[in-house]
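Below you'll find the structure, written out as structure tokens, and then a few comments.
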Amino acid sequence: MCNDPKVDAYLTKIGKRLIEHLNTAGIEYPWEFHCVNDKAINAFALPGGFVFVNRGAIEAADNEAQLAAVMAHELSHVALRHGTNQVTKARYAQLGTGVLSVAGGILGGAAGAAASGVGQFAAGSLLLRYSRGAETQADVMGTQVLYDSGYDPRAMAAFFENLNASEAAGKAPPEFFSDHPNPDHRIERVDAEIKKLGGAPKGAQKDSVEFEEIKREVMALPLPPKGKPGVSPNAKGKPPAAARPPADVKIEPPSSNLTALKFAKASLAYPDNWRNFSKKNDLALVPAGGVVDTGNGQAAIACGLLASVAHPQGKAAAGGDPLGAYTQKVIEALEQSNEGMEIKEQSKEITVGGQRALSTYLKNESPIGGLETDWVITVIRPDGLYYFIFVVPDGHYDTFRESFQSILDTVQFKQ
């Protein structure tokens, strides 16, 4: 992250202006806007409403309208729900007809996959990639949002023209095109939409003094520190997360007031100051500050709870323990997806909601640097294998330990 409150406040100001004219079909998102300390020209938005803009995108924009165009495009992906089924390069642990995708990326580690249904949180080997059709839709909606917000809608096409010119000049393709594939006739479609709107309105805003000030401030920010000597970097030139000292990330402590939530044939209660990014029967509950930038233009859950239900096929070996067997598959999948993951405490029996369960503690690399604890709970029920994964950086463990236990104590299953 850029960790510059002034820049984040400026992005939030633009974002709120755009959101006022964004059709979210009645869905209220807990929007947040952050600057990422990455020179690559890119931006991305998580389906839950976290919007990340690389410093490179701010530096590449000629004016505020172009920056607003990039943000309007990303907000449109959220409103159009493009992220829901666009997770690729995920590593899955196949458990019969259900897919139990448990991952370091969403657990916080640097090289993971995603939990099925909540895999919009990406890191390491997991990327959000949109189709060209989705890109066109986001371009059109983004242009409409720009127009309605009082910005010059021609800024959308102008920004893409700048990216195309950069590539035509023989420079490496902008990172934006790696996960936002460039549709054919993109600029022509944007221009056609502007024509439908009646052309750029008189007095439409292109720039502001504040944009120029923020751009200068961003360009003066120090680049992210490189790995220390003697630390072996990964393929992207970054040291393993465990080798980096933990960053000073502010994660809001859990509230003692709980909010009830039902999923599948179970229910639980979680702190009322956590954000709920759940989708159907796949839960993702995260405290403020619990989603962080991984440094590669993606985001990861560094703290929170994931829970879901898988549907194993087949029968356990005669005389075997089905719960133990499936728990072992979960752990093996996690270890395969995370080179630095190890068992911290072996599985032991506990009771969850009156049912026999297994509790396993793992240690893993945290996206904020240092290590994290991943507490995995598994329970077999007639409708499938329930799994709960509590994630927390080791430096925050004492703050969240009791809250995690309190959440688990509220779990109930329908008989």
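The number of residues in segment 27-55 that are farther than 18 Å from A138 by Cα and small (G, A, S) comes to 1.
Restricting the search to segment 46-67, which residues are over 30 Å from S278 (Cβ atoms), of a type outside the set (K, R) and either in contact with a strand residue (DSSP E or B) (Cβ under 8 Å, 6 or more places away or on another chain) or in a helix (DSSP H, G or I) (or both)?
The initial filter retains those residues of segment 46-67 that are over 30 Å from S278 (Cβ atoms), namely 55-56, 58-67.
Filter once more, so that each one left must be of a type outside the set (K, R): 56, 58-67.
Of everything in segment 46-67, those that are over 30 Å from S278 (Cβ atoms), of a type outside the set (K, R) and either in contact with a strand residue (DSSP E or B) (Cβ under 8 Å, 6 or more places away or on another chain) or in a helix (DSSP H, G or I) (or both) turn out to be G56, I58, E59, A60, E64, A65, Q66, L67.
For segment 388-415, residues that are part of a strand (DSSP E or B) and buried (at least 23 other Cβ atoms within 10 Å of the Cβ) total 6.
Quick note: the coordinates plus some simple rules give every number you see, no bench work behind them. All of these numbers come straight from a predicted model, not from anything done at the bench. Don't worry about glycine lacking a Cβ; one is built from the backbone with ideal geometry, like all the others, and counts go over all protein chains shown.
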